[in-house]
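Beneath this line is the structure, given in C-alpha cells, with notes to follow.
No value in this document is a laboratory result; all are computed from the given coordinates. The model shown is predicted, which means the values in this text are computed figures rather than measured ones. For neighbour counting, all protein chains shown are included, and Cβ atoms are generated from backbone atoms with ideal geometry for every residue, glycine included.
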Amino acid sequence: MAATPSPADAPVSGRHRVAVIGGGSAGISVAARLRRAGVSDITLIEPSDTHWYQPLWTLVGGGQAPLHASRRPEGSVVPDGVRWIRSHALAVDPDTRTVTLTGDAELTYEYLIMAPGLQLDWSDVPGLAEAVGHDAVSSNYAPEYAPRTWELIRRMRSGTAVFTHPATPLKCGGAPQKIAYLAADHWRRRKVLDGIRIVLVIPDPAMFKVPAWSRVLEKVAARYGIEVRLRSEMTAVDGGARTVTISDHTSGTKETLGYDFLHAVPPQSAPDWVKASPLADPASPQGFVAAHKHTLQHPSYDNVFAVGDVANLPTSKTGAAVRKQAPVVAGNVLDVMNGCSPSHRYDGYTSCPLVTARDRMLLAEFDYDLNPTPTFPLLDPFKERRTMWAFKRYGLPPIYWHGMLTGRL
Ligand SMILES: Cc1cc2nc3c(=O)[nH]c(=O)nc-3n(C[C@H](O)[C@H](O)[C@H](O)COP(=O)(O)OP(=O)(O)OC[C@H]3O[C@@H](n4cnc5c(N)ncnc54)[C@H](O)[C@@H]3O)c2cc1C
C-alpha cells in the first residue's frame, strides 16, 4: 500500500472509483475495509484536520477524561492508499454522479459512500445558540463546550440543574441523561445533592426505547431524586434571565424554569446540503439519506450507500451501530462492483453505554426489533456494573482507534 497521502497530494477534479463523503467514524471505517479488500482509487472528502472519538465527550463533561484523549489528527486515521481531499462537499448530483466541493471544484465517482454525519441545529431553539457556552449553559455535543460542562458541575453547590433531550433523532440517545447521572453522583459524593433540584426533560413517553432498560433507568433517576419530565421538550432559552421554557406535550402547557446550570442537547438533522439533495429520504422530516434498512443501499441509486448518523435507519444513531454497518456497506459495495446484488445485511444493532454513576454503567445493546443483543451474554445487561464503566473508559477507545478505524473490528 502507498504511504498516507497528505491532503495537498490529492487531485480534486476528475473521476474517482469510490468517493467517501465524511471522514468520521463511518467514512473511515468503510474506507479502511474497502482498502483491505484491495479496492484502489478511493477518495475521501473531509474538511476537518481533526478526528474526534465523540463517545468520550460524556466522560469529558463528567470530569472523567481529558478532551485531548478524544482527538487525533485526521491524517493519522486516513487509511494508507486513500486520497484525502480536505474540502466540504456542497452538493451531490447522483444522476451525473458528481460531487461539488468548496471552491467550485467537482469530482465524479462510480460509487458513493455518504457519511457526513448530522448537523446540530442550535438555532432551532430560540435563545439557545446565543446562550450555549455562556450563561451557565453547556453541552457535551460539541468539543468546545464539553470541558465547560464539567466546570459548571464542579462549581455547583445548590440551585436548579436542567438536562434536556431534543425531540428529533439524535446521536447517542442516552447521552442527554448520562451526564445528568454523572453530575448527580458527583453532587452526592460532595454531599450537596440535597440542595440541588435536578430536572431531566425527555420528549418520549419513556426514559428509554427498550422497556426493560427504561425500568432500570427510572430507578436510577429516583435514586438521585431526579425529576423526570416525559413527553416534554426545551422550546426556548433566555440566557440573560437564566430561564428555560419546557413544553409539555401531554398537557399542552409551557413552563418557564429558572436554572443555575443547563445541559442542553440541540435538535439534530441531516446537513442542509444533504436535505436539499435527491438522496434525502422524503419520509425523513430531518432529511436523512434514504437507505435500505438491511443493505444500506440507496433505494434509487444502486451505486450509493449511506452509513452512520446521516442514514435514515430506524435504529439509534451511535458509533456502535457504525461498527456493525461498516462491514455491511463495504461488503455490499464489493458485491455491486462484482455485478451482484448486495448480500450483506445489517440487523439494526446499536448500543448505548448508559453511564449511571461515576463508576457504574449499563450496556444496552439491541437490534431493529428492540431485542437485546449482548456482546457479553453471560452478564445480566440490566445490572449496573463497574466493569462496564471501565470497559467504556479504558476498553472501547483503543478498540475504536486500532480496531474499528483500521477496518479490523
Ligand atoms: C456526547 C456524545 C456522546 C456519544 N456517546 C456515544 C457512545 O457512548 N457510544 C456510541 O456508540 N456512540 C456515541 N456517540 C455517537 C457517535 O459519536 C456517532 O454516532 C458517530 O460518530 C457517527 O459517525 P459518523 O461517521 O456518521 O459521524 P461523525 O463521526 O460525526 O463524522 C462525520 C464526518 O463528516 C464530516 N463532514 C461534515 N460535513 C461534511 C461535508 N460537507 N463534506 C465532507 N465531510 C463532512 C465531519 O467533519 C466528520 O468528520 C456519542 C456522540 C456524542 C456527541
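Observations on the model:
- CD proxy at 222 nm, helix term only [per DSSP H run n ≥ 4: -39500 (n - 2.57); per residue of the chain; nearest 500]: -6500 deg cm²/dmol
- Cα gyration tensor shape of region 121-267, rounded if a/c is under 1.5, else prolate or oblate by comparing a/b with b/c: rounded
- A Förster distance of 25 Å, applied to the separation of the beta-carbon atoms of residue 368 and residue 214, puts the FRET efficiency at 0.90.
- All other residues whose Cβ lies under 12 angstrom from that of residue 110 are scored, Lys and Arg at +1 and Asp and Glu at -1, for a net of +1.
- In the chain, taking the dipole from charged Cβ atoms about the Cα centre, the farthest positive-side position among 142, 388, 280 is held by 388.
- Charge sum, other residues only, whose C-beta stays under 14 Å from residue 299's C-beta, Lys/Arg counted +1 and Asp/Glu -1: -1
- Here region 161-182 is scanned for amide nitrogen atoms under 12 Å from the site 7 Å beyond the Cα of residue 193 along Cα-to-Cβ, giving 181-182.
- Alpha carbon centroid spacing (whole Å) that separates region 304-332 from region 39-101: 15
- Cross-link partners of residue 383 among lysines, defined as those whose alpha carbon lies under 19 angstrom from its own and excluding same-chain residues fewer than eight positions apart: 178, 209, 219, 392.
- Fewest neighbouring Cβ atoms within 10 Å first, the residues 53, 368, 141 line up as 368, 53, 141.
- Ordering 321-327, 143-149, 20-26 by mean Cβ neighbour count within 10 Å, with the highest value first, yields 20-26, 321-327, 143-149.
- When you restrict to C-alpha pairs under 8 Å that are six or more residues apart and normalise by the size of the chain, the relative contact order lands at 17 percent.
- Simple Cβ-charge dipole of region 270-400, Lys/Arg +1 and Asp/Glu -1, about Cα centre, in debye nearest 20: 580
- Shown is the FRET efficiency for residue 40 and residue 378, computed with R0 = 35 Å from the Cβ-Cβ distance and rounded to the nearest 0.05: 0.20.
- Length added when fully stretched, residue 223-residue 340, from 0.36 nm per residue minus Cα-Cα: 36.7 nm
- With a simple spin-label model that places each label point 7 Å from the Cα along the Cα-to-Cβ direction, the separation between residue 15 and residue 387 comes to 5.5 nm.
- Of 213, 203, 232, farthest towards positive along the dipole that unit charges on Lys, Arg, Asp, Glu beta carbons give region 121-267: 213
- The slack in the chain from residue 401 to residue 276, taken as 0.36 nm per residue of separation less the alpha-carbon distance, amounts to 41.7 nm.
- Inter-probe distance in nm under a simple model that places probes 7 Å from Cα toward Cβ, at residue 49 and residue 110: 3.4
- A cut-off under 14 angstrom between Cβ atoms defines the neighbours of residue 163, and their net charge, with Lys, Arg +1 and Asp, Glu -1, is -1.
- Each residue, residue 283 and residue 134, gets one label point 7 Å from its Cα in the Cβ direction; the gap between the two is 4.4 nm.
- Euclidean distance of C-alpha centroids, region 194-271 and region 378-409, integer Å: 28
- If you run the Gaussian network model on the chain, springs between alpha carbon atoms under 10 Å, then out of 210, 18, 78 the most flexible one is 210.
- Leading residue at positive end of dipole, the chain (Cβ point charges), from 300, 186, 399: 186
- Check: region 121-267 dipole with +1 on Lys, Arg Cβ and -1 on Asp, Glu Cβ, in debye: 820
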